[in-house]
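The structure appears right after this line, and notes come after that.
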There are 2 protein chains.
Amino acid sequence: MVQEEIRRRNASTLLRHVHLDGPLCRADLAARMGLNRSTIRALTTELARVGLVEEESPSDTGRAGRPSLLVRPASDRIYVLAFDVAVDRLVAARVGLGGVILDRREAVRPRAGPDLPQVVEVLARFGRQLHRAAPPSATCVGVGASYCGMIRPGDGMVRFGPDLGWVDQAFGAELGRRLGLGLPVLVGNEAHLGAQAEHLRGAGVGLQNLIYLHGDVGVGGGIIVGGRLLGGDGGYGCEVGHMVVNPYDGRACGCGSYGCLEAEVGERALLDAAGRPAELFGRDAIRAVTDDADRGDPAAREALRHVGDWLGIGVANLINLFNPGMVVFGGMLCDLYPGAADQVRARIARNVLPVAREHVKLRIAALGDDATLTGAAELAFTPLLTNPLTTPT
Amino acid sequence: MVQEEIRRRNASTLLRHVHLDGPLCRADLAARMGLNRSTIRALTTELARVGLVEEESPSDTGRAGRPSLLVRPASDRIYVLAFDVAVDRLVAARVGLGGVILDRREAVRPRAGPDLPQVVEVLARFGRQLHRAAPPSATCVGVGASYCGMIRPGDGMVRFGPDLGWVDQAFGAELGRRLGLGLPVLVGNEAHLGAQAEHLRGAGVGLQNLIYLHGDVGVGGGIIVGGRLLGGDGGYGCEVGHMVVNPYDGRACGCGSYGCLEAEVGERALLDAAGRPAELFGRDAIRAVTDDADRGDPAAREALRHVGDWLGIGVANLINLFNPGMVVFGGMLCDLYPGAADQVRARIARNVLPVAREHVKLRIAALGDDATLTGAAELAFTPLLTNPLTTPT
């Protein structure tokens, strides 16, 4: 039993290495895992037998002696379906082991209105298309979805989806039923998944403490503490968007309160500060402001500075609390941050205690708008990566 | 080697059970640890041999059959020295295994001025007195200290001690040298240690996610995430006191900025709000305000409400971020919180998303003013509890 558990853990660790870092030779795996080469050989043979990895001779090592076999993830054969319900779009993708996006479908999402059946109908149709388009030899090992709201981790229930007005909607269960693949749909909050994606494959690889801020209509957060996502008692932690930063004359927030971080730095705050009409919204409208600022338009530059100061207060508060190695800006904050960076840095200098900001880095999401989708794929791979030898493939 | 490691872990776990929960019979330990009674017998025999536990027959179980022996921590024989450098006092204690405070010394600390040699001189004198007063058979197994500032975990260096104006002072090393016991002094931030004490022995036993707020001149924080203290990259996380809550007309803060949580709810904020003269300070002055409020004095009640609203904003922000099971108020917040609770609860209702506040409890520190000292003792016991069979006793 103990031996069996050690074998499971080693297989899990080995598969995770090639899933995250791509093809690795047996010798490298042995060195990384602190195991001898015969143990590595037994593990890779077993993982190859169940179809999760492929082994091949490296083309030309340029070294004498028998070359160490290269172990690569079976990206063409093993895949997950990943979904992303974002404020402006619905995305579905087939993602191969190793994190390769093999195929994708995308639709514009209207801002107001779509209810659960409408959203699930689009996603399930995309999912079935992607599934049918996969080669006959390929196997779907999991399904994951990112949702822009508060998710109950156990069953993918949307507890609160402010932009769609969803409260206690069984999104995960319903998508699973409509897909009809016999697989559960694991659902996560978009900023939580974006944080995990940037931590595993993006700007923050190898860091122990990282803050990911995801901007769209509001601002979500995903916070990695000691290498793990901060969940809290119910999985509802990381709600950076409702940190009160402006208690006096704060803007109205979708949560019903005033002066929340997301009310001061979300999409509407920037567009209002730039004097854009109320009918405009979305990424194009945001980019019109940042493009104008890049061209030197004073009103656009001032709007970015104004919003940047509020963002800076939020970021400074978070650095004081978490002493992280990095803060990553995702979603529309990828566009907004460059023009607001001076204000953010000034706030950090003014409000963060010197020892807590000694080494912190500020970065744009390396995965860009695919951070949340990538996080959903990683969530979908979790069961396989945890138990690679007993998951049906 | 694997067997040896399993034995170490089991001995560590068993000793931790009796250290935290007091005398337990072998049968209970077997049930808690999921081990059979012969393994428990071997472990307790070994721990008794090195003098860490004592075994005895329970006085009268009232049950038939051979009673299960009671295993108790050797509190009279095994102790640590714990120190507390708080804003108003210097405390030293001899604390027995099991967490019993066996003996203590205490001195008033002047607010301004004492430098490192002066503070260390008092503490080292107390420490040597306590050591000499211990029975000849007793052994000191560790030394821990709580300090009201930012501490480098590795070596007990005070990176920033705002109230004493200390920057990069080798407090731990110097106290260790002056004590002359040949033991390193482990040092922690007072709010971090208070959080751990309340988590291990106070209001928050068994919780996974807990926020401890420690008020004195300022407000410190200790945050338990997933059962562990949030440290951050350098151990400087949890700085709740410098969360900006009042960016417009905030009070000046000791950090050089304005509108930090501790500037709005620290000692001076309350005393100013209550119209007390600038010469007054300290716990007695705080209690004079809360006593007046209890007697119905309108100005004192209004001062508590005013400060309570700022405290509520800070607490609401933290609940949104951490989704904790409990918030514990320590230090002078033990006195302040009851008169401010209505404001705090109102802010939580207004600013925390409903799903994140479903189950959160608000409590006064169960260990009262000994929370930080208790945390220092627990820090001192850590090496013994981790390696009970190889620590010299």
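List of remarks:
- Scanning the stretch B:239-247 turns up no residue that is over 18 Å from B:F329 (Cα atoms) and either aromatic (F, W, Y) or away from every other protein chain (no Cβ under 13 Å) (or both).
- Where a residue in the stretch A:356-370 is under 13 Å from A:L333 (Cβ atoms) and its partner, wherever it lies, is open to solvent by 70 Å² or more (accessible area, probe 1.4 Å) and at pLDDT 95 or above, with Cβ under 8 Å and at least six apart: A:L362/A:R345; A:I364/A:P338
- Residue match in the stretch A:179-193 (condition: within 14 Å of another protein chain (Cβ to nearest Cβ) and aliphatic (A, V, I, L, M)): yes
- Leading residue by the ranking (surrounded by the most Cβ atoms within 10 Å (Cβ to Cβ)) among those in the stretch B:320-329 that are touching a residue at least 60 places away in the same chain (Cβ under 8 Å) and not small (G, A, S): B:V328
- For the stretch A:1-55, filtering for residues that are in contact (Cβ under 8 Å) with a residue 60 or more places away in the chain and not β-branched (V, I, T) leaves 13.
- A:G176 being assigned to a helix (DSSP H, G or I), open to solvent by less than 20 Å² (accessible area, probe 1.4 Å) and not assigned by TED's automatic domain parsing to the domain that holds A:G314: yes
- Test for A:P117: is it free of Cβ contacts under 8 Å to residues at least 60 places away in the same chain and farther than 23 Å from A:V217 by Cα: no
- Qualifying residue in the stretch B:323-338 (condition: at pLDDT below 95, more than 15 Å from the chain's Cα centre (by Cα) and part of a helix (DSSP H, G or I)): no
- Subset of the stretch A:198-211 [assigned to a loop (DSSP other than H, G, I, E, B) and within 14 Å of chain B (Cβ to nearest Cβ)]: A:G204, A:G206, A:L207, A:Q208, A:N209
- Residues considered: B:A300, B:A349, B:A316. Of these, the only one that is over 27 Å from B:G149 (Cβ atoms), in a helix (DSSP H, G or I) and within 14 Å of chain A (Cβ to nearest Cβ) is B:A349.
- Failed item, numbered, when A:V205 is tested on (1) open to solvent by 60 Å² or more (accessible area, probe 1.4 Å); (2) modelled with pLDDT under 95; (3) within 29 Å of A:C334 (Cα to Cα): (2)
- Scanning the stretch B:140-165 for residues that are among the small types (G, A, S) and under 19 Å from B:G194 (Cβ atoms) turns up B:G142, B:G144, B:A145, B:S146, B:G149, B:G156, B:G161.
- Residues being in contact with a Leu (Cβ under 9 Å, 6 or more places away or on another chain) and either at the interface with chain B (Cβ under 8 Å from one of its Cβ atoms) or acidic (D, E) (or both) - total across the stretch A:248-266: 2
- Scanning the stretch B:99-120 for residues that are open to solvent by 50 Å² or more (accessible area, probe 1.4 Å) and either touching a Ser or Thr at 6+ places or on another chain (Cβ under 7 Å) or at pLDDT 95 or above (or both) gives B:V100, B:I101, B:L102, B:R104, B:R105, B:E106.
- Boolean, B:R287 is among the basic types (K, R), under 26 Å from A:D249 (Cα atoms) and in the same structural domain as B:L333 (by TED's automatic domain parsing): no
Each row is one residue, and each column tells you yes or no for (1) outside the structural domain of A:L183 (by TED's automatic domain parsing); (2) touching a Cys at 6+ places or on another chain (Cβ under 9 Å); (3) of a type outside the set (S, T, N, Q).
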{"residue": "A:G275", "(1), (2), (3)": "yes, no, yes"}
{"residue": "A:A293", "(1), (2), (3)": "yes, no, yes"}
{"residue": "A:I313", "(1), (2), (3)": "yes, no, yes"}
{"residue": "A:L318", "(1), (2), (3)": "yes, no, yes"}
{"residue": "A:N323", "(1), (2), (3)": "yes, yes, no"}
{"residue": "A:L362", "(1), (2), (3)": "yes, no, yes"}
{"residue": "A:E378", "(1), (2), (3)": "no, no, yes"}
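- Flag for A:L379 being aliphatic (A, V, I, L, M), open to solvent by 10 Å² or more (accessible area, probe 1.4 Å) and not in a helix (DSSP H, G or I): no
- Qualifying residue in the stretch A:263-272 (condition: more than 28 Å from B:P354 (Cβ to Cβ), crowded, with 18+ Cβ neighbours inside 10 Å and of a type outside the set (S, T, Y)): yes
- Count of the stretch B:252-294 residues which are assigned to a helix (DSSP H, G or I) and free of Cβ contacts under 8 Å to residues at least 60 places away in the same chain: 20
- Among the numbered conditions (1) without any contact (Cβ under 8 Å) to a residue 12 or more places away in the chain; (2) over 24 Å from the mean Cα position of the chain (by Cα), the only one that B:R228 does not meet is (2).
- Flag if A:Q196 is at pLDDT 95 or above and surrounded by fewer than 24 Cβ atoms within 10 Å (Cβ to Cβ): no
- The stretch B:217-228: number of residues that are open to solvent by 20 Å² or more (accessible area, probe 1.4 Å) and either more than 26 Å from B:E267 (Cα to Cα) or within 8 Å of chain A (Cβ to nearest Cβ) (or both): 4
- Residue within the stretch A:24-38 that is within 25 Å of the chain's Cα centre (by Cα) and either closer than 18 Å to A:N387 by Cβ or β-branched (V, I, T) (or both) present: no
- Inter-residue pairs, beta-carbon under 7 Å, first more than 17 Å from A:A356 (Cα to Cα) and in the stretch B:149-176, second acidic (D, E) and outside any strand (DSSP E or B), 6+ apart: B:G172/B:D155; B:A173/B:D155
- Considering (1) farther than 22 Å from B:R109 by Cα; (2) at pLDDT below 95; (3) not β-branched (V, I, T), the lone condition that B:F160 does not fulfil carries the number (1).
- A:H214, sole failed condition from (1) of a type outside the set (A, V, I, L, M, F, W, C); (2) farther than 30 Å from B:G206 by Cα; (3) part of a strand (DSSP E or B); (4) within 12 Å of chain B (Cβ to nearest Cβ): (4)
- Hits in the stretch A:229-238 - residues which are open to solvent by 30 Å² or more (accessible area, probe 1.4 Å) and either facing another protein chain (nearest Cβ under 8 Å) or in a loop (DSSP other than H, G, I, E, B) (or both): A:D233
The values are calculated or read from the model by the stated rules, or taken from the named source; none is laboratory data. Because the structure is predicted, anything quoted here is derived from the model rather than measured. Ideal geometry is used to build each Cβ from the backbone, glycine not excepted, and the neighbour counts take in all protein chains shown. Ligands, DNA and RNA are stripped out before the accessible areas are found, and what is left, the full protein with its side chains, is counted by its heavy atoms. Shrake-Rupley method; radii C 1.70, N 1.55, O 1.52, S 1.80 Å.
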